[in-house]
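S.K.: This is the structure, below, for whatever I ask next.
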Amino acid sequence: MVVKCNSLGLFGLKTYAIEIEADMSRGVPAFDIVGLPDAAVKESRDRVRAAMKNCGFEFPAMRLILNLAPADIKKEGPLYDLPILVAVLKVTGSISANTDDAAFIGELSLSGEVRGISGVLPMAIAAKEQGRQKLFVPAFNANEGAVVEGLTVYPVHDIYELVDHLSGRRQITPAVFTPDSDTPESVLDFSQVKGQAEAKRALEIAAAGGHNVLLIGSPGAGKSMLAKRMVTILPQMTFEETIETTKIHSIAGTLKQGAGLLTRRPFRSPHHTISRIGMTGGGNTPKPGEISLAHNGVLFLDELPEFPRSTLEVLRQPLEDGCVSIARANGTYTYPSSFMLIAAMNPCPCGYYNHPKKDCTCSDTMVQKYQGRVSGPLLDRIDIHIEVPPVEYDELTSHEGEEHSDVIRERVNAARAIQNDRFRGTGITCNANIDASRFQTVCRMEEKADRLLKAAFDRMSLTARAYDRIMKVARTIADLEHSEIIRAAHISEAVQYRSLDRKYWHG
């Protein structure tokens, strides 16, 4: 007799249905798993056998064959322990419940406890789309799965609890989604940054239009302090952004126990020793890298020239496309990577090139070599370049109140509302993503602004990409001032945010 049990599998962000078929027959006792399992799935035999023995269930001295269909898709990870256990219990007659409308995912310990796994949210969404009514998951991941409406999620702590439920003796209480309200609000705020009015203005424009920013300044000027407060002025995530962001972190296994949805925009700050794979994602079964974990949030690269050149260059395509594709022998994994890049760097090895009070100890060759670690194509993809000068003593000791993040965020939200109306139904989320087909209609300039931009283009020898960036930033500045047309003052300010690459990067 063949019994069946439903489960799910992951391939990057894609989820597919898995049907586990179990057959028991006479013969030499054996326990075989077929259907293209990896090593972790094959080891389920030992975990299931030991868990059943330690929980008082008799493992049959028969020939057991389990098939994980479809057999042409590689099955990976320990998440099939729970459905394999259910299939074995059903084929041996230990339980007789009808599980056709349910799916099971979870890892077993040798003592019969059910351990947490990665990727529950995307699998819960897929279970609902496939018509499943019930989903049995580890208690560790119950709040994550309960996000999906119309799906009954059962948190399973151990084998006893599962068998009692399926046998009708004691029902498991379904999980109810509980927002993470106990996490304290961030203590970071722009009011804590003294001075730096120009840098704050640049970051406000970046937040309003989704632009990338490069902060250049001497050590201790406040570059990192400014960057870490960027998420406090970004708009709140939409529900769709929340779901997409949480799915990525669920697959990566970075969600905390009891977490449901990530409601705050991610802020990722990898160390400069990170590899290309760590940045983009990878491995035998590719997991999301830092650029995908920063999706819908901020990727902060401090000490930009200290990153390996090869690591920085892999950012070029994701910055343009908003996604990263990782090719492997068993297929291509695609993860979204629509993030704001905030980079910070010193102008030279000693950090005091062009400093108003301290002398730079670096030779011209050393300065050019240091700055040359950041390639021109990458600089062209950064919309705003802003100098962060040293803060004067009078500014540090001033008792005048600085603007709070909430005040800045109100202006950012107003500009984003204009963009949402402008791009409604197009799939474009902000000015930084304006495509070529809408460029002329969206970025209309007055004649004086056009003449100013032409003069700047010729004098600064700007590239076509730099021209696009200036226009997009000018469009955002105009939105902050609720202007339908781009004026000369908007172009003038936007051009200033491209001048630093000519000041520091000679030629």
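S.K.: What number of residues in region 315-343 are aliphatic (A, V, I, L, M) and outside any strand (DSSP E or B)?
M.R.: Final tally of qualifying residues: 3.
S.K.: Let me ask another. Being touching a residue at least 24 places away in the same chain (Cβ under 8 Å), open to solvent by 60 Å² or more (accessible area, probe 1.4 Å) and not in a loop (DSSP other than H, G, I, E, B), is that true of even one residue in region 27-36?
M.R.: Yes - at least one qualifying residue is present in region 27-36.
S.K.: Taking the residues in region 481-495 that are of a type in the set (A, V, I, L, M, F, W, C) and free of Cβ contacts under 8 Å to residues at least 40 places away in the same chain as candidates, determine which candidate is least open to solvent (accessible area, probe 1.4 Å).
M.R.: Among those that are of a type in the set (A, V, I, L, M, F, W, C) and free of Cβ contacts under 8 Å to residues at least 40 places away in the same chain, it is A494.
S.K.: Turning to a different aspect of this structure: Hey, does region 187-208 have a residue that's polar (S, T, N, Q), closer than 24 Å to E113 by Cβ and part of a loop (DSSP other than H, G, I, E, B)?
M.R.: No, region 187-208 contains no residue that is polar (S, T, N, Q), closer than 24 Å to E113 by Cβ and part of a loop (DSSP other than H, G, I, E, B).
S.K.: Here is a follow-up. The conditions are (1) under 16 Å from T15 (Cα atoms); (2) in contact with a Gly (Cβ under 7 Å, 6 or more places away or on another chain), and P70 fails exactly one of them. Which is it?
M.R.: Status for P70: all satisfied but (2).
S.K.: Hey, can you tell me all the residues within region 1-26 that are surrounded by 19 or more Cβ atoms within 10 Å (Cβ to Cβ) and in a loop (DSSP other than H, G, I, E, B)?
M.R.: Across region 1-26, the qualifying residue is only G12.
S.K.: Across region 218-250, what is the number of residues that are in a loop (DSSP other than H, G, I, E, B) and over 23 Å from P389 (Cβ atoms)?
M.R.: Counting residues in region 218-250 that are in a loop (DSSP other than H, G, I, E, B) and over 23 Å from P389 (Cβ atoms) gives 5.
S.K.: Condition check: within 20 Å of D32 (Cα to Cα) and of a type outside the set (G, A, S). Does K53 satisfy that?
M.R.: Yes; evaluated as a whole, the condition is true for this residue.
S.K.: Scan region 464-480 and report the pairs whose first residue is buried (at least 24 other Cβ atoms within 10 Å of the Cβ) and whose second residue is hydroxyl-bearing (S, T, Y), with Cβ atoms within less than 7 Å and a gap of 6+ or a chain change.
M.R.: Cβ pairs passing all conditions: V473/Y497.
S.K.: Consider only pairs whose beta carbons are under 7 Å apart and that are at least six residues apart or on different chains; among these, list those whose first residue lies in region 319-335 and is modelled with pLDDT of 90 or more and whose second residue is of a type in the set (A, V, I, L, M, F, W, C) and open to solvent by less than 20 Å² (accessible area, probe 1.4 Å).
M.R.: L319/L341; V324/I291; Y335/I248; Y335/V324
S.K.: A follow-up question, please. Within region 414-452, which residues are in contact with a Ser or Thr (Cβ under 9 Å, 6 or more places away or on another chain) and aliphatic (A, V, I, L, M)?
M.R.: Hits for region 414-452 are A415, A432, A449, L452.
S.K.: If you don't mind, another one. Give the number of residues within region 188-207 that are among the small types (G, A, S), under 20 Å from E400 (Cα atoms) and buried (at least 19 other Cβ atoms within 10 Å of the Cβ).
M.R.: 2
S.K.: Looking only at region 481-492, decide whether some residue is in a loop (DSSP other than H, G, I, E, B) and β-branched (V, I, T).
M.R.: Yes, the conditions are met somewhere in region 481-492.
S.K.: I've got another one for you. Quick check on my filter: what residues within region 344-353 are within 11 Å of L214 (Cα to Cα) and part of a loop (DSSP other than H, G, I, E, B)?
M.R.: Within region 344-353, just N346 meets the criteria.
S.K.: Name the helices (runs of 4 or more DSSP H) wholly within region 354-428 that hold at least 1 residues that are touching a helix residue (DSSP H, G or I) at 6+ places or on another chain (Cβ under 8 Å) and either open to solvent by 40 Å² or more (accessible area, probe 1.4 Å) or not hydrophobic (A, V, I, L, M, F, W, C) (or both)?
M.R.: 364-371, 376-380, 405-422
S.K.: Of all residues in region 254-281, how many are out of contact with any helix residue (DSSP H, G or I) (no Cβ under 8 Å at 6 or more places or on another chain) and either modelled with pLDDT under 90 or buried (at least 21 other Cβ atoms within 10 Å of the Cβ) (or both)?
M.R.: 1
S.K.: Can you name the strands (runs of 3 or more DSSP E) wholly within region 52-163 that have at least 1 residues being within 26 Å of V2 (Cβ to Cβ), touching a residue at least 40 places away in the same chain (Cβ under 8 Å) and open to solvent by 40 Å² or more (accessible area, probe 1.4 Å)?
M.R.: 63-69
S.K.: Being surrounded by fewer than 19 Cβ atoms within 10 Å (Cβ to Cβ) and either under 22 Å from I251 (Cβ atoms) or among the acidic types (D, E) (or both) is the filter here; which residues of region 320-353 pass it?
M.R.: Within region 320-353, E320, D321, G322, C323, S325, A327, R328, A329, N330, G331, T332, T334 meet the criteria.
The values are calculated or read from the model by the stated rules, or taken from the named source; none is laboratory data. Note that the structure is predicted; figures quoted are calculated from it, not measured. Every residue, glycine among them, receives a Cβ derived from its backbone with ideal geometry; neighbour counts consider all protein chains shown. For accessibility, only protein heavy atoms count, side chains too; no ligands or nucleic acids. Shrake-Rupley method; radii C 1.70, N 1.55, O 1.52, S 1.80 Å.
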